[in-house]
Amino acid sequence: MSGSLGHGWDPSAYAAHASFVPALGAPVVDLLAPKAGERILDLGCGDGVLTEKLVAAGAEVVGVDADKAMVAAAKERGLDARLMDGRQLSFDGEFDAVFSNAALHWMPQPKAVAEGVFRALKPGGRYVGEFGGHGNIAAIRTALRAVLMRRGYKVDVLEMQYNPTAAEYRTMLEEQGFEVLVADIIPRPTPLPSGMSAWLNTFRAGFIDAAGVPPAERGQIIEDTRAMLRPVLADTKGDWTADYVRLRFAARKPE
Ligand code: BEZ
């Protein structure tokens, strides 16, 4: 799934270079265990590839995402997809479950998100998801920051990712009223079939632009970052593996 805060995603680039994101979402769908007839909210549904799996299980699914192009792509699959900011969910007591894959790290203000999810659930409803946990893509982020800083760009104010530890996330959910059943950090080294430059272009172009890099310089920033990462994340054949770390959780709204 894509993120959700209007990062300006390109659905065709996402499908070409990031198809591993929904493909690796199977374990969290298993943890959700969607049942026929359930009403499920997919928070940060992106282009809807994983949302379709929930529909295929017989659930009635509403997908929300803050990116217009992704919502349009999900609608093209025939899904009920709506443009909505994860911090301002407008649902009240109508879902058996809220599901989220690879989206919550794009949503700052996690309390506002959890509050909206809690409100959206029926009593006894479950909240199941996975996103980037503490230490997620640490090498990539550090290298990109170093390259930008070396060229005089300021990066400190730009860091919008939410990557809590399992303990931090558990506490935050409990403070919103959830019973937390599972909260685990799972290191998940992830092969990048399209390589590091394509990954940086797909996922970090917005970050580079926000640092004030002129479009003509973006390619060089990406090339320098790739060169810095090569000894760490590429193997002897030149195949890349990103240092993803997931936080997988399951929680429940009390009856
Ligand atoms: C993630 O899925 O964890 C992620 C992907 C791209 C940028 C940041 C995080």
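Any residue at all in the range 135-153 that's among the hydroxyl-bearing types (Ser, Thr, Tyr) and outside any strand (DSSP E or B)?
Initially, the range 135-153 is screened for residues among the hydroxyl-bearing types (Ser, Thr, Tyr), giving 142, 153.
Subset that is outside any strand (DSSP E or B): 142, 153.
The answer is yes; a qualifying residue exists.
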*Would you check which residues across the range 42-74 are in contact with a helix residue (DSSP H, G or I) (Cβ under 9 Å, 6 or more places away or on another chain), β-branched (Val, Ile, Thr) and outside any strand (DSSP E or B) and list them?*
Val49, Thr51
*Do any residues in the range 184-197 that are more than 14 Å from Leu229 (Cα to Cα) have Cβ atoms under 6 Å from those of residues that are charged (D, E, K, R) and assigned to a strand (DSSP E or B), where the two are at least six apart or on different chains, and which pairs are they?*
Asp184/Arg248; Ile186/Arg246; Ile186/Arg248; Arg188/Arg246
*Please enumerate the residues belonging to the range 209-232 that are within 16 Å of the ligand (Cβ to nearest atom) and open to solvent by less than 20 Å² (accessible area, probe 1.4 Å).*
Ala211, Ile221, Ile222, Thr225, Leu229
*asked:* Can you say whether Asn201 is open to solvent by less than 40 Å² (accessible area, probe 1.4 Å) and within 15 Å of the ligand (Cβ to nearest atom), as far as the supplied structure shows?
replied: no
*Just a yes or no: is a residue in the range 119-128 surrounded by 22 or more Cβ atoms within 10 Å (Cβ to Cβ) and outside any strand (DSSP E or B)?*
yes
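Just to be sure before I move on: is Leu43 buried (at least 20 other Cβ atoms within 10 Å of the Cβ), touching a residue at least 60 places away in the same chain (Cβ under 8 Å) and not polar (S, T, N, Q) in the structure I sent? Reasoning before the result, please.
Working: buried (at least 20 other Cβ atoms within 10 Å of the Cβ): yes; touching a residue at least 60 places away in the same chain (Cβ under 8 Å): yes; not polar (S, T, N, Q): yes.
Yes.
Before we move on, is Val155 open to solvent by less than 20 Å² (accessible area, probe 1.4 Å), in contact (Cβ under 8 Å) with a residue 40 or more places away in the chain and away from the ligand (no atom under 16 Å from the Cβ)?
On the way: open to solvent by less than 20 Å² (accessible area, probe 1.4 Å): yes; in contact (Cβ under 8 Å) with a residue 40 or more places away in the chain: yes; away from the ligand (no atom under 16 Å from the Cβ): no.
Spelling it out, it is not the case that Val155 is open to solvent by less than 20 Å² (accessible area, probe 1.4 Å), in contact (Cβ under 8 Å) with a residue 40 or more places away in the chain and away from the ligand (no atom under 16 Å from the Cβ).
Give the number of residues within the range 92-109 that are surrounded by 20 or more Cβ atoms within 10 Å (Cβ to Cβ) and not polar (S, T, N, Q). Let's see the steps before the verdict.
We begin by selecting, within the range 92-109, every residue surrounded by 20 or more Cβ atoms within 10 Å (Cβ to Cβ); these are 95, 97-107.
Filter once more, so that each one left must be not polar (S, T, N, Q): 95, 97-99, 102-107.
Selection size over the range 92-109: 10.
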*Among the numbered criteria (1) under 14 Å from Ala242 (Cβ atoms); (2) open to solvent by 10 Å² or more (accessible area, probe 1.4 Å); (3) in a helix (DSSP H, G or I), which single criterion is violated by Pro191?*
(3)
*Would you confirm whether any residue within the range 12-33 is away from the ligand (no atom under 16 Å from the Cβ) and assigned to a loop (DSSP other than H, G, I, E, B)?*
yes
*Failed condition for Gly86, given (1) touching a strand residue (DSSP E or B) at 6+ places or on another chain (Cβ under 8 Å); (2) more than 18 Å from Phe249 (Cα to Cα), with all others met?*
(2)
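Considering only residues of the range 90-118 that are part of a helix (DSSP H, G or I) and within 14 Å of the chain's Cα centre (by Cα), which is farthest from Arg170 (Cα to Cα)? Please lay out each step first, then the result.
First, the residues of the range 90-118 that are part of a helix (DSSP H, G or I): 104-106, 110-118.
Adding the requirement that they be within 14 Å of the chain's Cα centre (by Cα) leaves 104-106, 110, 113.
Values: Leu104: 14, His105: 15, Trp106: 18, Pro110: 12, Val113: 14 Å.
Applying the filter and picking the extreme gives Trp106.
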*Out of the range 114-146, which residues are away from the ligand (no atom under 16 Å from the Cβ) and touching a helix residue (DSSP H, G or I) at 6+ places or on another chain (Cβ under 8 Å)?*
Ala114, Gly116, Arg126, Tyr127, Val128, Ala146
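The values are calculated or read from the model by the stated rules, or taken from the named source; none is laboratory data. These numbers were taken from a predicted model, which means no experiment stands behind them. In this analysis, Cβ positions are derived from the backbone assuming ideal geometry, glycine residues included, and neighbour counts consider all displayed protein chains. Each accessible area value is taken on the protein alone, full model and side chains, heavy atoms only, with ligands, DNA and RNA left out. Shrake-Rupley method; radii C 1.70, N 1.55, O 1.52, S 1.80 Å.
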